[in-house]
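Only one structure is covered here, and it is reproduced in the block below.
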Amino acid sequence: MSSYTLRFEPLADDVERVREIIHSSGFFQDHEIPVALELVEEAIDKGDESSYFFVFAMDGERTISYACYGTIACTKNSYDLYWIATHDDYRGKGVGSLILKETEKKVKSMGGRVLYIETSSKPLYIPTQGFYEKHEYFKEAVLKDFYDLNDDKIIYSKHL
């Protein structure tokens, strides 16, 4: 694996960088992309008050992967991983693992005890499910037909 650097503060041009990463991945539908961008914009505008936190992986000056996480309202020390995506040019090179491990460290340092992740049951997401399981996430629940008919929501968790 190449030497990647990490940063944690979203910058104004991250809105476009996140759009590029998500679009290149091929895992997200067009209507999902504005949601991801909105979280970046809110974090830029409000800082930590937004309750959205980020880990960005850089290859030189290029942002190649990111994760967005935050606390779950009305819980004690539970966090959601809202988004994690790696640019298609970097998939399979350990960048996603680097981002996920760093996110876990950050959540733990903020007092988090559990990190939750959700994904789809569609065949496209079988590698995503394997990625979470490889990183010792436990399948907590399956909500049948959540996203659409024959598209279940799978919820994973990991105690930190």
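Quick note: the coordinates plus some simple rules give every number you see, no bench work behind them. Since this is a predicted model, take the numbers as computed values, not measurements. Cβ atoms come from the backbone with ideal geometry, glycine included; neighbour counts cover every protein chain shown.
If you go through the range 109-123 and keep only what is more than 30 Å from Leu149 (Cα to Cα) and among the hydroxyl-bearing types (Ser, Thr, Tyr), you end up with just Ser109. For the range 56-83, the set of residues classified as surrounded by 20 or more Cβ atoms within 10 Å (Cβ to Cβ) and in contact with a Cys (Cβ under 8 Å, 6 or more places away or on another chain) consists of Leu81, Trp83, listed by residue number.
Of the listed requirements (1) among the aliphatic types (A, V, I, L, M); (2) within 21 Å of Arg7 (Cβ to Cβ); (3) free of Cβ contacts under 8 Å to residues at least 12 places away in the same chain, Val107 misses just one: (3). Considering Glu32, Glu16, Glu38, Glu102, the condition of being over 20 Å from Ile154 (Cα atoms), within 15 Å of the chain's Cα centre (by Cα) and loosely packed, with under 15 Cβ neighbours inside 10 Å is satisfied by Glu38 alone.
Looking at the range 133-154, which of its residues are among the aliphatic types (A, V, I, L, M), surrounded by fewer than 17 Cβ atoms within 10 Å (Cβ to Cβ) and in a strand (DSSP E or B)? Listed by number, the residues that qualify are Ala141, Val142, Leu143.
Might you let me know whether the range 113-132 holds any residue that is in contact with a helix residue (DSSP H, G or I) (Cβ under 9 Å, 6 or more places away or on another chain), closer than 20 Å to Ser3 by Cβ and assigned to a loop (DSSP other than H, G, I, E, B)? No: zero hits. Limited to the range 69-99, what total is found for residues that are hydrophobic (A, V, I, L, M, F, W, C) and within 11 Å of the chain's Cα centre (by Cα)? Qualifying residue count, the range 69-99: 5. Taking first residues from the range 142-153 that are closer than 15 Å to Gln29 by Cβ and partners that are not in a strand (DSSP E or B), the Cβ contacts under 6 Å between residues at least 6 apart in sequence or on separate chains come to Asp151/Lys122. Checked against (1) surrounded by fewer than 16 Cβ atoms within 10 Å (Cβ to Cβ); (2) at negative phi; (3) in contact with a helix residue (DSSP H, G or I) (Cβ under 9 Å, 6 or more places away or on another chain), Phe27 passes all but a single condition, namely (1).
Can we say Lys108 is in contact with an Asp or Glu (Cβ under 7 Å, 6 or more places away or on another chain) and over 25 Å from Gly92 (Cβ atoms)? Don't jump to the end; show me each part of the working.
Working: in contact with an Asp or Glu (Cβ under 7 Å, 6 or more places away or on another chain): no; over 25 Å from Gly92 (Cβ atoms): yes.
Spelling it out, it is not the case that Lys108 is in contact with an Asp or Glu (Cβ under 7 Å, 6 or more places away or on another chain) and over 25 Å from Gly92 (Cβ atoms).
Quick one: Ala43 ticks every box in (1) more than 21 Å from Glu9 (Cβ to Cβ); (2) surrounded by 21 or more Cβ atoms within 10 Å (Cβ to Cβ) bar one, so which box is it? Of everything listed in (1) more than 21 Å from Glu9 (Cβ to Cβ); (2) surrounded by 21 or more Cβ atoms within 10 Å (Cβ to Cβ), Ala43 misses just condition (1).
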